[in-house]
Amino acid sequence: NSKIIEVNEWAHEEMFGMGRVAVRKVTRKGIAAFSIFWIPPIKLELGSRASRTQCYLRRSLVAVYVRWQSVGEERPHSSSIHGLHRAAPPGRHPAPTCRATDGNYSNRCAQPVGVCYGWLGNNLPSAWEVVGMYRSHNIRRMRIYYPGQQILQALRGSNIDLLLDFPGPLRDLAQSPAAASDWVRDNVLAYWPDVRFRYIAVGNEVIFDKGVAQYILPAMRNIYQALAAAGLRDQIKVSTSVQYGVMGESYPPSIGEFSSQVWPVMGPIVEFLRSTGAPLLVNVYPYFSHAGDPQNVDLDYAQFTAPDIVVVDGYNGLEYQNLFDAMVDAVYAALDRVGAGSVDVVVSETGWPSAGGFAATVENARIYNTNLVPHVGKGTPRKPGKAVEAYIFAMFNENQKQPPGIENNWGLFYPNKTPVYPITFAASSMATINSTEQRREGLDLAM
């Protein structure tokens with residue numbers, strides 16, 4: 001009394017060396033199935049604003065067990081890396097999410113998130129006005145890409161934690177401990193402790209750059225030694241910020257692995273981070289995954305709005321409802337794989353553009369960033385309850401960024417301090433960025 005309605009034959013020599021058959025049967029009582037299938041290589045465009053790395057996902061085996069169910073009951077049977085939704089198994093439900101569309105946020109969900117402050121614009125507010133905006137909106141962490149003296153002065157006494165980049169030339173500090181000591185003296189010690197330095201990022205997305213990458217670790221070591229000599233090695237951590245292209249494997253997240261191309265440089269850096277207790281800074285952009293392959297990377301999966309589980313990791317059973325968590329957990333898996341499981345992951349850039357490119361709209365940017373803020377405090381499926389420190393790119397739309405277009409439209413604010421869209425950084429302060437209220441009340445954000 002059964003009928004075979006689907007038979008798929010395939011071979012996967014890597015793992016089995018022989019063919020397999022996936023069979024689904026329908027009986028009078030219901031459906032029973034045990035399906036094993038392969039996912040073919042899918043070309044994705046991963047990376048960040050500054051660097052795109054085309055990679056191919058290795059063919060992965062996924063085993064899905066579908067319980068008996070009555071005929072006519074709707075329950076998805078398949079799982080894919082992006083586009084198809086898979087219902088949570090009976091008795092298991094995804095953790096509740098806080099979404100922009102909910103209309104409210106709870107203290108349980110709201111978490112401090114930093115914002116990157118770039119100044120590639122000729123019409124931006126003064127550094128003192130910018131610090132006033134951060135404080136008004138309870139933005140407790142800032143990233144800057146260069147030790148500008150005005151912003152460092154403005155940050156004195158602000159209680160804003162700072163991620164400070166050393167942009168280079170890396171070779172100067174890599175080859176001279178004395179130069180590194182001078183840089184730390186002039187740009188860190190001159191402002192400490194009035195400015196709360198949290199991390200020094202030695203280079204931003206330069207790990208693939210020939211003629212530069214080999215200087216990252218020596219420069220990190222020299223800056224670390226200068227901080228240690230000042231008694232600050234425990235207070236200020238030294239790292240580097242890398243693009244997501246350092247990942248050679250990222251799906252499913254549990255097989256995350258660093259690219260063999262970058263490993264000769266990346267390996268010693270990871271060991272340095274492990275030995276000094278510093279995090280790895282990674283720029284994570286679900287936007288580029290969606291924009292590069294919208295048919296396979298659903299918009300709701302990229303924006304924290306998927307109504308159900310999208311990806312089930314066939315190796316550890318972890319369930320993913322958003323791409324951000326999957327990307328972060330793949331980095332954690334890569335660190336575990338090389339014996340650096342104690343190294344934390346800090347998302348040093350993430351965000352969504354509001355204009356200038358595919359799916360770059362004000363509404364999409366609002367949804368992503370307002371969902372990100374409460375979400376990161378809950379951790380990821382691999383590390384539940386462990387908040388993910390993240391920095392939104394960026395504070396302002398910057399009219400001098402190149403090439404023109406999408407690069408000019410990542411900001412939460414226009415240069416005149418008007419918000420691009422409303423966003424709340426902490427429920428306790430209720431300091432919502434709301435352009436309507438600002439125009440009505442004439443709120444001065446500059447303090």
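Laboratory data are not the source of any read-out in this text; all were calculated from the coordinates shown. On a predicted model such as this, the values are computed, not experimentally measured, just so you know. So basically every Cβ, Gly included, is an ideal-geometry build from the backbone, and we count neighbours across all protein chains shown.
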Shape box of the range 183-237 [Cα atoms, principal axes, largest first, Å] = 37, 19, 18
Under Karplus coefficients 6.51, -1.76 and 1.60, residue-wise ³J(HN,Hα) of the range 349-364 in Hz, glycine/proline x = 8, 6, x, 8, x, 9, 6, x, x, 4, 6, 8, 10, 4, 5, 5
Highest-first arrangement of 274-283, 233-242, where packing means the average Cβ count within 10 Å = 233-242, 274-283
note = Expected sort for 184-192, 120-128 on mean C-beta neighbours within 10 Å, highest first, is 184-192, 120-128
note = Packing-ranked peptide list from 261-272, 345-356, highest mean Cβ count within 10 angstrom first, is 345-356, 261-272
inquiry  = Starting from 0.36 nm per residue, how many nanometres of slack lie between D308 and Q400 once their C-alpha separation is accounted for?
reply    = 29.1 nm
inquiry  = Could you check the spin-label model distance between A355 and Y414? Points 7 Å from the Cα along Cα→Cβ, value in nm.
reply    = 0.8
query = In terms of modelled amide H atoms, which long-range or inter-chain residues lie less than 5 Å from the amide H of F393?
reply = C116, T350, G351
request  = For F166, enumerate residues with amide H under 5 Å from its amide H, sequence gap 5+ or separate chain, H modeled in the peptide plane.
outcome  = A201, V202, G203
request  = Please give the FRET efficiency for V212 paired with Q261, using the beta carbon to beta carbon distance and R0 = 22 Å, rounded to the nearest 0.05.
outcome  = 0.90
query = With θ set to phi - 60° and the Karplus curve 6.51 cos²θ - 1.76 cosθ + 1.60, what are the ³J(HN,Hα) couplings of the range 390-407 in order, to the nearest whole Hz, using x for Gly and Pro?
reply = 9, 10, 6, 9, 8, 6, 10, 5, 10, 7, 10, 6, 10, x, x, x, 4, 5
query = To the nearest 0.05, how large is the calculated FRET efficiency for Y315 and Q175 if R₀ is 35 Å and r is the Cβ-Cβ distance?
reply = 0.20
query = How big is the antiparallel share of DSSP beta bridges in the range 130-289, given as a percent to the nearest 5?
reply = 10
query = Antiparallel DSSP bridges in the range 113-413: what percent, to the nearest 5?
reply = 15
request  = With θ set to phi - 60°, apply the Karplus curve 6.51 cos²θ - 1.76 cosθ + 1.60 along the range 308-325 and write out the HN-Hα couplings as whole Hz, x wherever there is a Gly or Pro.
outcome  = 8, 4, 9, 10, 10, 6, x, 9, 10, x, 5, 10, 10, 10, 8, 6, 4, 4
ask   = Given H placed on each backbone N at 1.01 Å, which residues far from V310 in sequence or on other chains put an amide H within less than 5 Å of it?
value = R86, Y320, Q321
